[in-house]
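Notes follow once the structure below has been shown.
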Amino acid sequence: MSNEIELIKDPGLPAHQHRRADEDPKFAQRAERQVAILFLISALGTILLIASYVFIPTDVFVFIPIFGENNLHQLLLGLGMAIALFFIGAGLIHWAKNLMPDEEVIAQRHEFRSPDEDREDFVKTVKAGAGAAGLGRRPLIKRTLGLALGLSGLTPLLLLRDLGPLPKADLTKTSWKAGTRLVTDPGDRPIKASDLEVGAVAQTLPEIAPGAHRALADVGKDAVLLIRLRPEDFNLDAERLSWTYDGIIAFSKICSHMGCAVALYEQQTKHLLCPCHQSTFDVTRAAKVIFGPAARPLPQLAITVDSEGYLVAQAPFNEPVGPSFWERSS
Amino acid sequence: MEGNTVKRLSRLRRHRAAGPMLLVFALLTIGTTFQVAGAVTTSPSTVADRSAAIAEGKQLFLKGCSSCHGLNAEGGAIAPSLIGVGAASVDFQVGTGRMPMADMSQQAMRKDPVYTPAEVNALANYVASLAPGPEVPSEESLNYERDGSVAEGGELFRTNCAMCHNFAAQGGALTQGKYAPTLMGVEPKHIYEALITGPQSMPVFSDKTLTPEEKLSIIKWIKAAEAEPQLGGVALGRVGPVTEGLLVWTLGIGLLIGVAVWLAMKAR
Amino acid sequence: MTARERIAGNVAGYVDDRTGAAKWMKKNLTKVFPDHWSFLLGEICLYSFIILLASGTFLTFWFDPSMKEVIYDGEYAPLKGLEMSAAYASTLDISFEVRGGLLMRQIHHWAALIFMVGIVVHLLRVYFTGAFRKPREFNWIIGVGLLTLGIVEGFLGYSLPDDLLSGTGIRIAEAIIQALPVVGSYLAFFAFGGAFPGEAFIPRIYTVHILLLPGIFLALITVHLMLVWYQKHTQFPGPGRTEKNVVGYPLMPVYMAKAGGFFFIVFGVTAFLGAVASINPIWLYGPYTPGQISAGSQPDWYMGWLDGLVRMSPPIETHAFGHTISWNILIPGLILPGIMFTLLALYPFIESWATGDKREHHLLDRPRNAPNRTALGAMALTFTLVSLLNGGNDIIATTFHLTINQMMWFSRIGVLVLPPIAFIITKRLCLALQRADRDLVLHGRETGRLVRLPHGEFVEVHEPISAEKAWTLTSHEQIAPLELPEFDGAGVRRAGGIKNKIRNRISRATAVAVPKATESERKELEGHH
């Protein structure tokens, strides 16, 4: 078979090359000293750590070029710890590399596969065991066991039920009602229409009784952004236009995409941008989505003024605020 | 563990090494003082001074601004009308070097002002004379150290400003290449003016919805954030997890792989 | 026998009398581990996990996992007097009132980032060298599980302080839960104990973060390591290295010292980062309230690709029969990651199905010798990288004077177009490298020395490469493509013929290779000279 292709052969493990430290005791001694020095540096690191913990107050700052103005306590504590740990490691590795045997060892692998007769025996044992239990022959036991196991699996599901209440109308309702005043966030001061110049924004929440506590869950649904434009800038249908007051328009601040606070208003373009996922809404067209992943406009709150001239809601939001959910109808 | 961060800061001043940082601070302080002093000496106190300033401002306006904003500041194809924008707006736009615009880019950038404080003042007086508008806040009204509250300012900043300017006032992206600039190193007066005039993309924050005291609190918080030393080491730009991720993918894993390569290398 | 040796002997005897461990220990203390820097990537994960356990335990001593509102009255003046959750306040206390507390917090967070980086680079090493092949498929699946759990664990961890940034992250997670069809709003209300944010979520994820998930980690890591131990480590091809042996250093003492030393190195580097680089400065973010937001709100990097996918998603929602399905959340937030991780976990089986290779492999592939696999990896990496970049598109836009709109469109198109391009380029690159290997074996190394031949021609002197190197470059197998029957004898497509046709085609694509150099060719070339 002279045509047989001859492959390149494995020359085998190359002959071991001795290190200088193996042949010359001088080098071995040097390596030993180096390892010792590395361990000593580590010890110094721990001393630095202890010293900075005990002696450096936590309110001292130093200026270090490149790094800037830093807290000395935190910096030296950390550096001490880093040095202490790193150089133990460096010493160990240097020791292993230079002074421990470096002759490569060959170990043989064993085959994972069990011998055929073992595998057959195993199958036989399983079959015999199953047969002895008689599961196949006693379908009544099999089925009732299945039923029992399946039902018992419901227990944890059932017991987890009280993790929280049912949503009911919570996702669809906010605190806004007809006549609720818009107040500043923070500050809780009512706002008159004349308080806002053209181009002004205000972060608002519904008025609450004095001294009452505002739950974060309410803020998460009630937050509203007020924006004042020139009335002629609006491009709204008659109904939506009637929801504005003298150029002031109010939107839910909770993004219709994933619930971040959308309050990034660009006065010139009259666009609202959500900093989380960059959905962009056009304020002049009732917060229509013009860019990004949001699929719905921000809900608009109908506003007007009350007898004292303060801005109030005309009506509650006419749709749920915030991200979508299954039960949402539009 | 006594003392609070205010104490920390005072200690920091004593301990600060007289390095280049100090020099920069000194220069900045001198520069600022000079600018403020200049503004004070030229601020017109009498009607005659004011009309002189208006006249000078008009000349400056015709020379430097009218080509875009129109001969009577009525606005043009590429620039808005300045009637009614007020002195504060001019002081902000020209005083921070945003106007005159160097090029017609997405938005005017902060740069070294072209006009001297006196000239800025004259321009502001001229524009203010066209129609009433927000005035330049007096120095007395800008005493944020006395009238502001830093914690309240932080809360107000996070509600009203952080969405554009980032949690640490480092700036952020707006749409189509516009951006909210960093507020580091901005004069308190200019921050105040920006709040009441709403320059460029920025909306206006009315005095009724964000009271003057609240504005001062915001300024106080910004100044505290600016002066805050790095409490936990290099601040990585104070822009959040992006730079942290970058560091761990470069220095962090780089150092570890470097050691791993050394570990697996045969000793000679 | 010295006293010390006698005591050691006694202790060993005492233990062996009761456990019979001597035999097992004798065998295993001399266990051989091959030495290569890339085999330490998994150790980075193991060690940072230990660091996480230690530093995390430290943090629990002061952290108060409660969303009860408190008025802050601590060291950090800019937050004094503000309402915040006890979780946030206690994190501030750890940072400013506990000496070394901020350092530990930063070490914990840096260790988490290193843990995740370690998992990803370890996974890449295993993937590109084919170390996942039989018999190591179980360990690959466990690894993918650890990666998935690591992402969840990291997210829960940075959510605990209840600052403005992490609260925003929780808000987004809530929106993803809420978007699930049929059960979404119920699950969200159960998870949060009512309407978002409620007062239940932080205490609940605390239990999951410090008890449930670390327990699962510990179990999975133990099995992962036991399998490595039992199956023995893979090794790179080279002289003397075969499928039947392991060449390396014995555990006792060399590998123990090296691996033990490397633990201290990883801890040292993490402590260094914790000392010099600020991470998650929660005092700057402020306490969470749903009405506030910061520009540039991003998750940690291992979630960044997910956020990037969500950002680039087209605005699609279905409203029908009074119900809403948010495809703009479900596709990038659940469906796509689900597909990605399932494909990742099943990859060993997919590859062995495509190549028909059911044999054991203990010698690693050089990535160029498996061009299809390498190109697929490059494709997946490109996809993830584009998504990750889009997750930080606002920071990138402001840094490099781009617009977020440009970045978004680049990502929307790039995430579809760039991965196939990466596949094609990588595959060609692999084949070019194979060709270079072949030339090297046949013609030797270019020395840069020019020699003038008697008839005036200049030629560059090529130096033959060593026998060891030649073996390393040619020891890989080149498998022939499958030829499964598609038609029966009469030329009619047989049952399963189409499946066979697909397998044949994939197998042909996988088997594309530059023929490796052989001794015969070398001899023939020598004959010519």
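The values are calculated or read from the model by the stated rules, or taken from the named source; none is laboratory data. From a predicted model like this one, the values you see are computed outputs, not experimental measurements. Heads up, the Cβs are rebuilt from the backbone with ideal geometry, glycines too, and the neighbour counts pull from every protein chain shown. The area values use the complete protein model at the heavy-atom level, side chains included, leaving out ligands, DNA and RNA. Shrake-Rupley method; radii C 1.70, N 1.55, O 1.52, S 1.80 Å.
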If I ignore ligands, DNA and RNA and count only protein heavy atoms, how much of C:F190 is accessible to a 1.4 Å probe, in Å² to the nearest 10? 40 Å²
Expressed in angstrom and rounded, the centroid-to-centroid distance over alpha carbons for region C:163-227 and region C:95-116 is 22 Å
Can you give the Kirkwood hydrodynamic radius of chain A from its Cα pairs, in Å with one decimal? 29.3 Å
Let me understand the protein assembly as shown better: what is its radius of gyration from the alpha carbons, and its Dmax, in angstrom? 35.1, 116
Note down the accessible area of C:E526, probe 1.4 Å, to the nearest 10 Å². 130 Å²
Most to least accessible of A:L311, C:L218 (protein chains only, probe 1.4 Å): C:L218, A:L311
How far, in nm, would the chain grow between A:D118 and A:A315 when pulled straight, counting 0.36 nm per residue and subtracting the alpha carbon separation? 63.0 nm
Globularity ratio of region C:136-219, using Cα Rg and 2.2 N^0.38 Å: 1.21
Going by accessible area, probe 1.4 Å, with all protein chains left in place, what is the ranking of C:H362, A:H18, A:H110, C:H401, largest first? C:H401, A:H18, A:H110, C:H362
Going through region C:232-266, which trypsin sites (Lys or Arg not before Pro) have at most 15 other Cβ atoms within 10 Å and a DSSP loop state? C:K244
Which sequence of A:W176, A:W95 reflects their accessible areas, 1.4 Å probe, from the largest down? A:W95, A:W176
If you fit an axis through the alpha-carbon atoms of helix A:116-133 and take the longest principal axis of the Cα set of chain A, what angle between them do you get, 0 to 90°, nearest 10? 50 degrees
Hydrodynamic radius of chain C per Kirkwood, over alpha carbon pairs, in Å: 27.5 Å
At q = 0.10, 0.14, 0.25 Å⁻¹, work out log10 I(q)/I(0) for region B:144-229 with the Debye formula, treating every Cα as an identical point scatterer and leaving solvent out; two decimals please. -0.21, -0.42, -1.40
Would you list which lysines come within 22 Å of A:K177, measuring only between C-alpha atoms, while excluding same-chain residues fewer than 8 positions from it? A:K168, A:K192, A:K221, A:K253
Kirkwood Rh in Å, taken over all unlike Cα pairs in region A:182-313: 14.9 Å
Region C:76-173: spread of alpha-carbon positions along the three principal axes, whole Å, largest first, is 61, 31, 17
Would you check the accessible area of B:K189, probe 1.4 Å, heavy atoms only, in square angstrom rounded to 10? 50 Å²
Compute the distance in nm between two label points, each set 7 Å from the Cα along the Cα-to-Cβ direction, one at C:D73 and one at A:A43. 4.8 nm
Per DSSP H run of at least 4 residues, take -39500 (n - 2.57); add these up for the protein assembly as shown, divide by its residues and hand me the 222 nm value, nearest 500 deg cm²/dmol. -16500 deg cm²/dmol
Under 17 Å between alpha carbons, and skipping anything fewer than 8 positions from C:K232 in its own chain: which lysines qualify? C:K26, C:K27, C:K31, C:K134, C:K244
So how tilted is helix A:25-55 from the main axis of chain A? Cα-based, degrees 0 to 90, rounded to 10. 30 degrees
